[in-house]
1. Please compute the modelled spin-label separation between residue 383 and residue 479, points set 7 Å along Cα→Cβ, answer in nm with one decimal.
2. Tell me, what is the FRET efficiency for residue 216 and residue 248 to the nearest 0.05, using R0 = 25 angstrom and their Cβ-Cβ distance as r?
3. Round to the nearest 0.05 the FRET efficiency obtained for residue 34 and residue 8 when R0 = 35 Å and r is the Cβ-Cβ distance.
4. From the helices alone, meaning DSSP H stretches of at least four residues, give me the mean residue ellipticity at 222 nm for the chain, per-run term -39500 (n - 2.57), in deg cm²/dmol to the nearest 500.
5. Given the stretch 338-490, what percent of its DSSP beta bridges are antiparallel, to the nearest 5?
6. If I fit a long axis through the Cα atoms of helix 117-130 and take the longest principal axis of the Cα atoms of the chain, what angle between them do I get, 0 to 90°, rounded to 10?
7. May I ask what percent, to the nearest 5, of DSSP beta bridges between residues of the chain are antiparallel?
8. Can you give the FRET efficiency to the nearest 0.05 for residue 430 and residue 20, using r as the Cβ-Cβ distance and R₀ = 60 Å?
């Protein structure tokens, strides 16, 4: 593609060379430089791309894009040099052009907020798919193009990767793209130039504030607010105390939702807890843009908020109310309070929680269903903070009736050493525990000793399908482990323990 086409929506100054130069690809990582590529000199927290200009020259780049004019003083005249105010923004706009503006060929739905983004993107994807739509998803767990999973380093990928994913979605026949839009992604212009059809605000609480992320909560909030200056319709939780601040300077249309009776376009009321033969969830009434009774088989009050977002966005996108309600009732999100249908007598849940805050949230949620016993199976990540282990031990000891300490991702550490740290926290809250190093055996113990009304929650692995032990990743999926245990019980290889403890 000619450089002039790539730069058609870009503010730039051509310092030397021709705008008719052919560009094979755009590169911002010097290790990917090749003849005919354009090198964008990104300035990051760790390194400055300008220092790799000699590499770009040596490896045959046809174009170099700089923020600092002086840095390009020695670039040979046959190489075109552009100077831009922001290399990050330039990368976003040029990547969109290179891939043919794929975001404009999709209905784009972007979600920002502190909590709920991952679960809600999956809920929206699930409902749209059950309505017969083909959907792409980008977020914390990676990207999905239809059923194909693509790993990703960042919640919101760098703009080049983002537009490459959008292009792959268009190629695969997707109609919708649902994505998490992180505050870092907005701050670093990864979504610059995209006008989302729907921008969603879930909630805001102090998080991601520190030397490598946001300087203050105010900056964090300001970055979140950027989404509502680049979307057509904003969908906002008016129960959150920060919602008006997040909308400051917005230029989009506005739709609102509430689960606390506030004036909004979609309001949930008469909220109650479901326990249908071991399947936990929520039921609620809805009024406003939809008038109906709804239920979702994901436990916790937060599921009502996630459902309201899903319902409102899908309704605005033209999905029938019947399809939305059916989709909401069926949706499950892998590793996020994920219910496994193992028994009508007790419940088994998988969740990714692996620190004190997320663990307390999950356990508090499950306690609202008044289990006979709440049993936690978990370990701790190796080569990680001991404080996290103490805190996990303390909160599980406080809230659970029994903890089964086992293997998570011990990495280079010994499982026993990790669990000894957890026991420091358990001692603080007088928590009951036992130790079974093999995670499948720990799960088997809980299943074979389960009593009616128990809730067994497997913490820490969530969507992961591996264990990392002594530098080696071994396949391990808790869903498969549970299925194997149940098969072994049916085959008589394992015995159930009546009134087990």
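1. Each label point is offset 7 Å from its Cα along the Cβ direction, giving 2.8 nm.
2. Working from the Cβ atoms, E equals 0.95.
3. FRET efficiency, residue 34 to residue 8: 0.90.
4. -9000 deg cm²/dmol
5. Looking only at bridges with both residues in the stretch 338-490, the antiparallel portion is about 30 percent.
6. Compared with the principal axis, the helix lies near 90 degrees.
7. 40 percent
8. That gives a FRET efficiency of 0.20.
Where a number appears in this text, it was derived from the coordinates with a stated rule and is not lab data. On a predicted model such as this, the values are computed, not experimentally measured, just so you know. Glycine also receives a Cβ, built like all others from the backbone with ideal geometry; neighbour counts cover every protein chain displayed.
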